[in-house]
Amino acid sequence: MADKRDYYEVLGISKNASEDEIKKAYRSMAKKYHPDVNKAADAEAKFKEVNEANEILSDPQKRSQYDQFGHQAQGQGFGGFDFGGGGFGFSDIFEQVFQGFGGGRSQQSNRPAAGNDVEMVMTLEFEEAVFGTKKDVSLEVEDECSTCSGTGAYSKSDLVTCDKCKGSGRVIVEQRGLLGISRVQSACPKCKGTGREIKKACVKCHGKARYRVKKTVNVNIPAGVDTGLSLRMENYGEAGYNGGPNGDLYIRFKVKPHKFFARDKNDIRIEIPISFSDAALGKVIEVPTIHGDVKMTIPSGTQSAAQIRLKEKGVQDVRSRRKGDMIVTVRIETPTNLSAEHRKLFEELQKVEISSKQTPWEKFKGFFKK
């Protein structure tokens, strides 16, 4: 027993954790280490360890014994654990925990289990993602039958304990093999592992205890979301099983591009055209930002492709709420279709440049002559 880790440590919870906290931690850890999902060499061992911890801590009597005696309590009435071929096997664990990993869920368990998670993609306009918005979304999920309150029976008296498994949902089956006769547990064939029999089915769900319904959910989208980010809405997924909690709704965002603005994480980029004279002499202009027009100074002697940063004129971070910047890239436009007056002015400028010691072009050519 000395090499066993503390069960509370295994699930990552405190010793005074509630039943709901234990269930939530178990579900998270079991998903993380299930060998069908986690391909690490030690995943199977950790998966067994997680389920062993849950088997004890989710049972009030076993938990009390464990709190008193630690792992030595196995001799005080735990009865041992079987994570191999017999007893509580991998198939049972898969049924309880991984019903949300696609493909539905086997009904061969009478334990409470969380419902399936639901995923959807939401397309947002650029401004909606930047500033946040509220949207109503429609989805179709499996919900608990409101007529029978999830029992599947016509009335309370029509739901009885299975007389074959006595309500446990499990039966002992003898199997003959090369090494002789072995006894293993399996789901009760009469009640399909539920531990209950329905004498008369509910008229609405016909004994299934659930049915598909269309729901409208109001989603509050925070400012600063971007393509690829997901929003989790707890308990908005499909109904749980046997009193288990609902699954969650995951909304993954896809943001449409803007005609002029380009998003770079929390910064916004834009390219603006300016004239030769504005670049040479400098000028104060009004630049469009996502927060409205802002005055910006173009310094004299500005070169094409120069970048000017406007502080906190970008997108608010979805977590820290800090705003990014606006990065303005300057593009100097060469004039076309010159008027006679413009041509005369540029000819005068050209004469001045030629009379100078060295034009920019001559300076550039000089690098290749060295």
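The values are calculated or read from the model by the stated rules, or taken from the named source; none is laboratory data. All values reported here derive from a predicted model rather than from experimental measurement. Cβ: placed from backbone, ideal geometry, glycine included. Neighbour counts: every protein chain shown. These area figures cover heavy atoms from the full protein model, side chains too; ligands, DNA and RNA do not enter into them. Shrake-Rupley method; radii C 1.70, N 1.55, O 1.52, S 1.80 Å.
Observations, loosely collected:
- Residues of the stretch 280-304 with amide N under 17 Å of the 7 Å Cα→Cβ point at Ile332: 280-284, 298-304
- Computed E for Lys344/Val121 - FRET, C-beta separation, R0 51 angstrom, nearest 0.05: 0.30
- Per-bin percent of Cα-Cα distances, the stretch 227-267 [10 Å]: 24, 31, 21, 15, 8, 1
- Taking amide H positions as modeled 1.01 Å from N, with prolines and chain starts lacking one, the residues under 5 Å from Val118 and 5 or more places away or on another chain are Glu238, Asp248, Leu249, Tyr250.
- The stretch 117-233 - Debye-derived log10 I(q)/I(0), Cα point model, q = 0.10, 0.11, 0.22, 0.24 Å⁻¹: -0.59, -0.64, -1.14, -1.24
- Note on Leu231/Asp267: beta-carbon distance plugged into 1/(1 + (r/R0)^6) with R0 of 22 Å gives a FRET efficiency of 0.45.
- By accessible area, using a 1.4 Å probe on protein heavy atoms only, the stretch 221-297 has 52% of its surface on carbon and sulfur.
- Heavy-atom accessible surface of the stretch 148-201: percent carbon and sulfur, 1.4 Å: 51 percent
- By the rule of a C-alpha distance below 19 Å, with chain neighbours fewer than 8 residues away ignored, the aspartates and glutamates paired with Lys204 are Glu140, Glu142, Asp143, Glu144, Asp158, Glu238.
- nm² value of the averaged projected area, convex hull over the Cα atoms of the stretch 172-291: 17.5 nm²
- The residues of the stretch 155-233 present an accessible area of 67 Å² per residue when probed at 1.4 Å with all protein chains retained.
- Of the chymotrypsin sites (Phe, Trp or Tyr not before Pro) found in the stretch 206-274, those that fall in a DSSP loop while having at most 14 other beta-carbon atoms within 10 Å are Phe260.
- Of Lys24/Lys215; Lys39/Lys134; Lys214/Lys256; Lys254/Lys311; Lys259/Lys323, those spanning more than 29 Å from alpha-carbon to alpha-carbon: Lys39/Lys134
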